[in-house]
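What follows is a single structure, written as structure tokens, with notes after it.
The values are calculated or read from the model by the stated rules, or taken from the named source; none is laboratory data. Just so it is clear, the model here is predicted, and its values are computed rather than measured. Cβ coordinates were reconstructed from backbone atoms using ideal geometry, including for glycine residues, and neighbour counts include every protein chain displayed.
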Ligand code: F6R
């Protein structure tokens, strides 16, 4: 889950690498380092435990010489704790070679044992240093061909990795390889970039190339060469980054999370854009796939964390509108339990980053078993969409804060579009019924904006009052259930408060034992107009907990009078159809979690122990 950046060109690389790392810090932030080859052909390296600022300070005290070739790394520790020694880059070949790595080299222990028996010494506990030492050895053995040595090395590694290397004998060359971890190429004028994510170089160029699995890339200021692990040349897919550098900046907001919550209306609107025509859903990416949608007999949604909760929301729409049975599976559980899937199964993966290893492995597993795969993803050129038969991009723009917010609402939007598209192909909804749901979808951005405009400061104030709370429960029913799970995840993730989400109907089967006087419980209340029965059930749940002294915070439709006498606080959401109201209900929950964590003085963008993109299993 580390962030990687490489540069070759005419400019001084240090500033470019540090700026790139700043944009990748969301991927890991427990240590950082850079290596630069200076104009005299010497390799200089600095690395430091802690956030990127620790490295910045270190570089002020120990300046690296100027150099126009370099690599940089921001780490999320897997093998070996977050110390200076374990930070990347790792050096080898008498400190003339530097290597950075994202992923896990699974066979590192046996490789290390072998190298130690041959007399090599190690300075860190990492798997990466094993790759560096191996590369140095191969380089010496082949007489100084860095790319070939790299090829031999990566062929000996097992697991998932992106590796970059520079050698002081080769100024103007950065070599990289990827297997199941992200790596993209940025094409500049007389300069080129490598990075885990386009965010690292988008301020310099928006022209990019996506590298496939098991490919090696060598960049120089004037060229890019991509080969497979066997040495055959491969064609790479060019793409233009659709957003610019300002989209990945805070732009005056106190945190990326605050900015991204404020962008929830836009994330929905942009995901809808170009996909609705005359009241019907028209998703250009799905043209030609009607037969696939007609032939499937079930859908399995796979994802992790927040994306899985979006999938659970989508299940209601897919089943109700498209009349296809849907299972939602946590990606990391899916392929370890021999699931029943085959050519009649559509596996829909959902991933903001498109790099989550658990989800990627599940997609590959599904493909191997003949299932059709469709990826809902927010990141162009990412691995999961490249491994899928079809893609529906969410256009939420770059999401930098570790806690996912705008991507969640965009994922639900994409799922709803997909559900309506399949319903139209399978004829399970009439054109009029589809048009009604399309109107609801189109109204979402304005309704989310309304919540932000009218209620954000009140919710933040309320969160501030609750800053000392030690435990918060969230209840929901129907679509409100995954929203309750999302509300709880967001709170625990950024405020470190114990939080649990439950299906409201499950309360009496156990969780009600947790209710004691003063226990805060958020309840996502369905619309009384649209879902009278569900509403009455949830109101009875509120009565049950209210009677036992719970502090009830109802997230309810404007004008819902039934909740007023039994709630301590009501967070209002605008009127919407039954599948849409709870989706609006997540907005106050995102604001609440952010407000509470901010009141506790916590870093909402980079919560402890977490990284944005989980590229290890
Ligand atoms: C929670 C959160 C995570 C991610 C999960 C999947 O706020 O961000 O739970 O949703 O790690 O990540 P993606 O969507 O990148 O596959």
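The table that follows gives values for the structure above.
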| quantity | calculated |
| --- | --- |
| Residue within the stretch 326-336 that is closer than 26 Å to residue 503 by Cβ, free of Cβ contacts under 8 Å to residues at least 24 places away in the same chain and more than 11 Å from the ligand (Cβ to nearest atom) present | yes |
| Strands (runs of 3 or more DSSP E) within the stretch 337-434 that include 2 or more residues within 11 Å of the ligand (Cβ to nearest atom), under 19 Å from residue 274 (Cα atoms) and touching a helix residue (DSSP H, G or I) at 6+ places or on another chain (Cβ under 8 Å) | 372-377 |
| Residues satisfying the stated conditions in the stretch 180-219, i.e. in a loop (DSSP other than H, G, I, E, B) and under 14 Å from residue 11 (Cβ atoms) | 188, 189, 190, 191, 201, 203, 204, 205 |
| Test: residue in the stretch 563-586 that is within 16 Å of the ligand (Cβ to nearest atom), within 18 Å of residue 258 (Cα to Cα) and in contact (Cβ under 8 Å) with a residue 60 or more places away in the chain | yes |
| Meets criteria (within 16 Å of the ligand (Cβ to nearest atom) and within 25 Å of the chain's Cα centre (by Cα)) for residue 487 | yes |
| Entirely in the stretch 235-324, the helices (runs of 4 or more DSSP H) that have 1 or more residues that are within 16 Å of the ligand (Cβ to nearest atom) and modelled with pLDDT of 95 or more | 256-262, 264-272, 305-317 |
| Verdict on residue 87 being in a helix (DSSP H, G or I) and in contact with a strand residue (DSSP E or B) (Cβ under 7 Å, 6 or more places away or on another chain) | no |
